[in-house]
Amino acid sequence: MDDQQSTYGLIGNPVAHSFSPAMLNTAFEALEVDAVYKLFPLKDNELDGFFQSLKEVSSPIFGLNVTVPYKEKVIPFLDALSPFAEKAGAVNTIMIDDKRKLTGYNTDGPGFICHLAELGVSTADQRIAILGAGGASRAILTSLCLDIERPESIKIINRTPQKAVDLVADLGQRMNVDNVSTVTSVEDLNIELCDILINTTTVGMKPTDPLLINPKLLHSHMLVYDLIYNPAQTLLLQAAVHAGARSANGLGMLYYQAVLALQHWAEQEIDVGVKLLMRDKLEEVCYGKH
Ligand code: ATR
């Protein structure tokens, strides 16, 4: 990172409720680098101009995170993609070098895998069910398909079935998806036989949201992972606890994707002490813990 004050930030729409500024500004302070992390709310028609301005040598911006709805849309603006981002077809991190060359990375999928590793969960030979086929599902599915710890099976269901079919077909052009299948009825997920259930949908954020699965099928030998971290325990995770299953929410994935993004910008591993500060800050801003 540069010695002069550099700017990093998040582009997306909306971005107002993001916890990334809290995490990344804590890291910059701890690393004693003169950098600031800002939010850049962008409308669709502002994307072009924003990326043009990034090319200017006077731009102070050296790194960006990308969130909904731009993770795929930013790709044409980039000069290079990491092999993983290229395979995923989605970018959540951009690094800009001194020559204003833009390189795209995806740390969402690897962030999920890092969190599973922290939980001591291997995906090797596991039977996995995924709810949802949006952007988060794309990143996770890519990671699961590229991981050497190959799951036995991955079943995906989505409210709009064709989107799940399209997602698997798209990824199948660049990786082996032989162990992936799409299903159209929730019974065909075979949750009772499943080792890991992952919710990537937005269902569960609101208190009135329904359960997408039959809670009676959850069991004590499985992990239920809900990407939603606010509320900390969705109805799905409550049902998991009730069934004696292991449960985890997506705060760990959020944390790891930020650490991995920072490591791309810094081009080095981040000190464990700094990482702990980032995690404490994230828990504090999200759940009010100190
Ligand atoms: P993200 O980047 O968080 O994955 P997204 O790409 O907008 O966000 O994907 C949202 C996911 O939640 C999709 O799988 C979406 O299903 P559709 O593809 O049918 O839209 C799913 N989702 C949102 N609301 C839902 C609901 N009420 N019931 C079931 N699935 C829902």
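The values are calculated or read from the model by the stated rules, or taken from the named source; none is laboratory data. Since we're looking at a predicted model, the values are computed, not measured. Here the Cβ positions follow ideal geometry from the backbone for every residue, glycine too, while neighbour counts run over all protein chains shown. For accessibility, only protein heavy atoms count, side chains too; no ligands or nucleic acids. Shrake-Rupley method; radii C 1.70, N 1.55, O 1.52, S 1.80 Å.
Annotations for the structure displayed:
- Considering Leu262, Leu197, Leu217, Leu251, the condition of being closer than 27 Å to Gln126 by Cα and surrounded by 21 or more Cβ atoms within 10 Å (Cβ to Cβ) is satisfied by Leu197 alone.
- One residue from Ser143, Ser122 being away from the ligand (no atom under 15 Å from the Cβ) and of a type in the set (Ser, Thr, Tyr): Ser122
- Selected residue [open to solvent by 10 Å² or more (accessible area, probe 1.4 Å), touching a Gly at 6+ places or on another chain (Cβ under 8 Å) and under 27 Å from Val272 (Cβ atoms)] from Glu118, Glu72: Glu118
- Single residue of region 66-92 satisfying the filter (outside any helix (DSSP H, G or I) and away from the ligand (no atom under 15 Å from the Cβ)) that is nearest to Asn13 (Cα to Cα): Leu78
- Taking the criterion of being acidic (Asp, Glu) and open to solvent by less than 30 Å² (accessible area, probe 1.4 Å), the only residue of region 95-115 that qualifies is Asp108.
- Screening Ala245 on (1) within 16 Å of the ligand (Cβ to nearest atom); (2) more than 20 Å from the chain's Cα centre (by Cα); (3) surrounded by 15 or more Cβ atoms within 10 Å (Cβ to Cβ) shows it passes everything except condition (1).
- Which numbered condition Val186 fails, given (1) over 26 Å from Gly12 (Cβ atoms); (2) away from the ligand (no atom under 11 Å from the Cβ); (3) without any contact (Cβ under 8 Å) to a residue 40 or more places away in the chain: (2)
- For Pro60, the stated conditions do not hold, so it cannot be described as away from the ligand (no atom under 16 Å from the Cβ) and open to solvent by 90 Å² or more (accessible area, probe 1.4 Å).
Here's the yes/no breakdown for (1) in contact with a strand residue (DSSP E or B) (Cβ under 6 Å, 6 or more places away or on another chain); (2) in contact (Cβ under 8 Å) with a residue 40 or more places away in the chain; (3) not aliphatic (A, V, I, L, M):
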residue	(1), (2), (3)
Asn45	no, no, yes
Asp48	no, no, yes
Lys55	no, yes, yes
Phe62	yes, yes, yes
Thr67	yes, yes, yes
Pro76	no, no, yes
Val91	yes, no, no
Met95	yes, yes, no
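- Listed here are the strands (runs of 3 or more DSSP E) enclosed by region 102-195 that have at least 2 residues being more than 30 Å from Leu54 (Cβ to Cβ) and in contact with a strand residue (DSSP E or B) (Cβ under 9 Å, 6 or more places away or on another chain): 127-131, 153-157, 180-182.
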